[in-house]
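**Student:** Take a look at the following structure, please.
Throughout, read-outs are computed from the coordinates displayed, never taken from laboratory work. If you're wondering where the values come from, they're calculated on a predicted model, not measured in any experiment. In this analysis, Cβ positions are derived from the backbone assuming ideal geometry, glycine residues included, and neighbour counts consider all displayed protein chains.
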Amino acid sequence: MTDLLSRLLDKDEIVTGDALFKEIHEVKAQNEPLIAELNTGYKTADQVRERMKLITGQELDRSTSISLPFQTDFGRHIRLGRDVFINKEAFFVDLGGITLEDRVLIGPRVTLITVNHILDPAKRCGLAVKPILIQKNAWLGAGVTVLPGVTIGENAVVGANSTVTKDMPANTIVAGTPARILKSLSEID
C-alpha cells in the first residue's frame, strides 16, 4: 500500500482544500499523459505491461494481460496478481485502491469504482474512498460495475451488467442490480 493510499483510507472524508487533494492531482497530472499514450496506437503485451508499470508503479507479471483500451482516472493504486486478464474498455476509478488477486478475469466494459462524493451538500465536492478487492479466480462478466468497499470472494462469478453494492461470498454466482446470490458453485453439475 502506498503512503498516499494509507492516508486516504485513514480519513472518512477528504474535503476540498485538504492537502491530500494537491497530492492526488499531482499524481493524476503525471499519469494522464501515460494513460492517453497507452491507448494510442497498437501496443504489444510487453509494451502494455511496461506502460502499466509506469502508471501503477508496480511491475506486472508476464502472465497478466490487459486488452486496450484501458482507462483509469488515477492509476497509482491498482495492484494486479498473476494470470489476470482485463478485457477491453475496463475503467478503474482506483483512488481508494483496487486489488485483483491471481487468475481474476475482468470482462469488457467492467467498471470498478473506489470513490464516492460526500452526501452532505455543503461538502459535496469532497471525496470518500474505500478499496475494492477481487479475490483469486473470480470472474466479472461484461459490463459489471463494482462500487466502493466491495470484496468479491474467491471463485465467485458476477453475471453480465450486474451492479455489486456489497461483499459477495466465495464460490457463488451472483447477478442483478443490485447483485444478489443466485446459487453456489457446488450446485452446478
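**Student:** Can I get the semi-axes of the stretch 3-187's equivalent ellipsoid? Compute them from the C-alpha gyration tensor as square roots of 5 times the eigenvalues, in angstrom, largest first. All intermediate terms of the calculation are to be shown ahead of the outcome.
**Tutor:** On the way: eigenvalues 131, 102, 35 Å².
Largest first, the stretch 3-187 gives 26, 23, 13 Å.
**Student:** Shifting gears a bit: Choose one of I98, F74, T172: the residue whose Cα lies farthest towards the positive end of the charge dipole of the stretch 3-187 (beta-carbon charges +1 Lys, Arg; -1 Asp, Glu; about the Cα centre).
**Tutor:** Farthest along the dipole direction, towards plus: T172.
**Student:** Mind telling me which of G126, G159, G107 comes out most flexible in a GNM of the chain, alpha-carbon contacts under 10 Å?
**Tutor:** G126
**Student:** Sticking with this structure for a sec: Can you give me the C-alpha center-to-center distance between the stretch 1-50 and the stretch 56-75, rounded to a whole angstrom?
**Tutor:** For the stretch 1-50 versus the stretch 56-75, the Cα centre distance is 12 Å.
**Student:** Which trypsin sites (Lys or Arg not before Pro) in the stretch 141-189 pass both tests, a DSSP loop state and at most 16 other beta-carbon atoms within 10 Å? Mind showing how you got there, number by number?
**Tutor:** Values: sites: K166, R180, K183; in loops: K166.
Of the trypsin sites (Lys or Arg not before Pro), the ones in loops of the stretch 141-189 whose Cβ has at most 16 other Cβ atoms within 10 Å are K166.
**Student:** If you take the beta carbon distance between I188 and F91 as r and set R0 to 35 Å, what does 1/(1 + (r/R0)^6) give as a FRET efficiency, to the nearest 0.05? It would help to have the intermediate numbers written out before the result.
**Tutor:** On the way: r = 30 Å, r/R0 = 0.86.
Step by step, r from the Cβ atoms, then E = 0.70.
**Student:** Size of the stretch 71-178 along its principal axes in angstrom, Cα-based, largest extent first?
**Tutor:** Extents along the principal axes, in whole Å: 42, 28, 21.
**Student:** Here's a follow-up. Given +1 on the Cβ of Lys and Arg, -1 on the Cβ of Asp and Glu, and no further charges, what dipole in debye does the stretch 3-187 carry about its Cα centre, rounded to the nearest 20?
**Tutor:** Working: 22 positive and 23 negative charges, 71 e Å.
Dipole size: approximately 340 debye.
**Student:** Which three numbers, in whole Å and largest first, are the semi-axes of the equivalent ellipsoid of the stretch 1-105 derived from its Cα gyration tensor as √(5λ)?
**Tutor:** Ellipsoid semi-axes (Å, largest first): 25, 16, 11.
**Student:** Using a 10 Å cut-off around each Cβ, can you sort S162, S63 from fewest to most neighbouring Cβ atoms?
**Tutor:** Numbers: S162 22, S63 12.
With the sparsest Cβ surroundings first, the list reads S63, S162.
**Student:** Moving on to the next point. What residues of the stretch 27-41 lie in the reach of a label at K11, counting those whose backbone N is under 17 Å from a point 7 Å from the Cα along Cα→Cβ?
**Tutor:** The answer is 27-29.
**Student:** Tell me the chymotrypsin sites (Phe, Trp or Tyr not before Pro) within the stretch 29-77 that lie in a loop according to DSSP and have at most 10 other beta-carbon atoms within 10 Å. Please report the intermediate quantities before stating the final value.
**Tutor:** Numbers: sites: Y42, F70, F74; in loops: Y42, F74.
The qualifying sites are Y42.
**Student:** A further question follows. Assuming R0 = 25 Å, what is the FRET efficiency of T177 and A19, from their Cβ-Cβ distance, to the nearest 0.05? Could the numbers behind the result be given before it?
**Tutor:** Details: r = 37 Å, r/R0 = 1.49.
For T177 and A19, the calculated efficiency is 0.10.
**Student:** Along Cα→Cβ, 7 Å out, is where each label goes; now give me the distance between the ones at E37 and R62 in nm to one decimal.
**Tutor:** Distance between label points: 2.4 nm.
**Student:** Return a single number: how many Lys pairs in the chain, at a sequence separation of 8 or more or on separate chains, have alpha-carbon atoms below 16 angstrom apart.
**Tutor:** On the way: K11/K22; K11/K123; K11/K130; K28/K53; K43/K53; K43/K88; K130/K166.
The number of close lysine pairs in the chain is 7.
**Student:** If you don't mind, there's one more thing I want to ask. For the pair D73 and C125, how long in nm is the line joining their label points, each one 7 Å along Cα→Cβ?
**Tutor:** 1.5
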